[in-house]
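Okay, so here's the structure we're looking at.
The values are calculated or read from the model by the stated rules, or taken from the named source; none is laboratory data. Given the structure is predicted, the values throughout are model-derived calculations rather than measurements. In this analysis, Cβ positions are derived from the backbone assuming ideal geometry, glycine residues included, and neighbour counts consider all displayed protein chains. Quick note on the areas: whole protein, heavy atoms, side chains included, nothing else; ligands and nucleic acids left out. Shrake-Rupley method; radii C 1.70, N 1.55, O 1.52, S 1.80 Å.
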Amino acid sequence: MARVTSASSSDPAPEPRARPIGVFDSGVGGLTVLHELLVQLPCEDFVYLGDTARFPYGERTPEELAGFASQIVEELLRRRAKLLVVACNSATAAALPILERRMMETTLGVDVLGVVRPEALQAVAATRTGRIGLLATPTTVASRSYERAVSAVDPHVTLTAVACPTLASIIQAGQQFDERAVDTVREVCVPLLEAGVDTVILGCTHYPLISPMLQRMLGPSVTLISSGGALARQVEHALSTRGLRNPREQGEGDYRFLCTGDTEAFRELGTRFLQMPLGTVEHVDLEQVGAPA
Ligand code: DGL
């Protein structure tokens, strides 16, 4: 099993390839994305930050999310991340262009990748009818970032987007199998069934946890697309082309978990989302974040 470490930000800078990949999300949901990264890139070290004190992100404004994401990025850069992954769909949709610009302005040479583009690419490749559905938070749907990403690949493909205001919180509370949850899921599937989509993008970190229920409601011929696998391949590609793959050739990397809220609650919930024990979780106060290293 991989080691869980608590190395401090004041440790001397390791060589670039040996630095961790920084991953962040509004809370524990991004652990479904981290899972795919661990499968694809077992030799890498990861530092994961969940902004649990400010969860949920799904109905916040783009300005708020850009501010939160910038603070988190500062913290991950202080912890010497060699690549940044925005595992959160709402934060990617609202803030990725701002983060990309900010990274281009610095001389740190650290790239930032989000979940929208890889999912859109995968969905366009999967559809046979040219009709794709999207389930996501209100913030993600309102950003229209999936529409832009899909039409950049193929402008003839149509996207039916359905905003799901309560679904992530229902799943996070562990209520995904009660009547209210089933009714909520059934309701959000209606516009997708009416539009006759053959591919559905799960545009929120929490939704892979209910993919069996979604598959039953949408039918066996609908392909469900989640962000983890496609993003992990993009991360692998980015590390290889930038000469940043960890030189470790076998074994497993180190993981570090940080959160802005209650560490014990993160550890308990996170274990359910990642399906393995998280070990120690460190509390971070983002108001105290200083300039990047
Ligand atoms: N990580 C968030 C997302 O994917 C979960 C939902 C939320 O924070 O509202 O949008």
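The set of residues in the stretch 162-216 that are touching a strand residue (DSSP E or B) at 6+ places or on another chain (Cβ under 8 Å), within 11 Å of the ligand (Cβ to nearest atom) and open to solvent by less than 20 Å² (accessible area, probe 1.4 Å) comprises CYS164, LEU167, LEU202, GLY203, CYS204, THR205, TYR207.
Being over 27 Å from LEU37 (Cβ atoms), touching a strand residue (DSSP E or B) at 6+ places or on another chain (Cβ under 9 Å), without any contact (Cβ under 8 Å) to a residue 60 or more places away in the chain and away from the ligand (no atom under 16 Å from the Cβ): is that true of THR158 here? Answer is yes for this residue.
Yes/no matrix, rows are residues, columns are (1) farther than 20 Å from GLY22 by Cβ; (2) of a type in the set (Gly, Ala, Ser); (3) modelled with pLDDT under 95:
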position: ALA81; (1), (2), (3): no, yes, no
position: ALA87; (1), (2), (3): no, yes, no
position: ARG101; (1), (2), (3): no, no, yes
position: THR129; (1), (2), (3): yes, no, no
position: LEU134; (1), (2), (3): yes, no, no
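Between LEU193, LEU278, LEU231, the distinction of being touching a residue at least 24 places away in the same chain (Cβ under 8 Å), aliphatic (A, V, I, L, M), in contact with a helix residue (DSSP H, G or I) (Cβ under 8 Å, 6 or more places away or on another chain) and within 24 Å of ARG54 (Cα to Cα) belongs to LEU278 only. Among the residues examined, ARG131 does not qualify as more than 16 Å from the ligand (Cβ to nearest atom), touching a strand residue (DSSP E or B) at 6+ places or on another chain (Cβ under 7 Å), within 22 Å of VAL28 (Cβ to Cβ) and among the charged types (D, E, K, R). When the stretch 37-62 is filtered for residues that are assigned to a loop (DSSP other than H, G, I, E, B), within 11 Å of the ligand (Cβ to nearest atom) and crowded, with 23+ Cβ neighbours inside 10 Å, the ones remaining, listed by number, are ASP51, TYR57, GLY58.
Among the residues making up the stretch 192-204, those that are closer than 24 Å to ALA230 by Cβ and either touching a Pro at 6+ places or on another chain (Cβ under 9 Å) or of a type outside the set (Gly, Ala, Ser) (or both) are LEU192, VAL197, ASP198, THR199, VAL200, ILE201, LEU202, CYS204. The residues of the stretch 113-126 that are surrounded by fewer than 24 Cβ atoms within 10 Å (Cβ to Cβ) and either outside any strand (DSSP E or B) or without any contact (Cβ under 8 Å) to a residue 60 or more places away in the chain (or both), listed by number, are ARG117, PRO118, LEU121, GLN122, VAL124, ALA125, ALA126.
To keep it simple, each residue is scored yes or no on (1) open to solvent by less than 80 Å² (accessible area, probe 1.4 Å); (2) modelled with pLDDT under 95; (3) not in a loop (DSSP other than H, G, I, E, B).
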{"residue": "ALA232", "(1), (2), (3)": "yes, no, yes"}
{"residue": "SER240", "(1), (2), (3)": "yes, no, yes"}
{"residue": "GLY251", "(1), (2), (3)": "yes, yes, no"}
{"residue": "ARG256", "(1), (2), (3)": "yes, no, yes"}
{"residue": "GLY261", "(1), (2), (3)": "yes, no, no"}
{"residue": "GLU268", "(1), (2), (3)": "no, yes, yes"}
{"residue": "THR271", "(1), (2), (3)": "yes, yes, yes"}
{"residue": "LEU278", "(1), (2), (3)": "yes, yes, no"}
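Out of all the residues in the stretch 63-105, which are within 13 Å of the ligand (Cβ to nearest atom) and open to solvent by 40 Å² or more (accessible area, probe 1.4 Å)? The one that is within 13 Å of the ligand (Cβ to nearest atom) and open to solvent by 40 Å² or more (accessible area, probe 1.4 Å): GLU64. Could you run through the stretch 3-27 and say how many residues are more than 16 Å from the ligand (Cβ to nearest atom) and either part of a loop (DSSP other than H, G, I, E, B) or modelled with pLDDT under 90 (or both)? Qualifying residue count for the region: 15.
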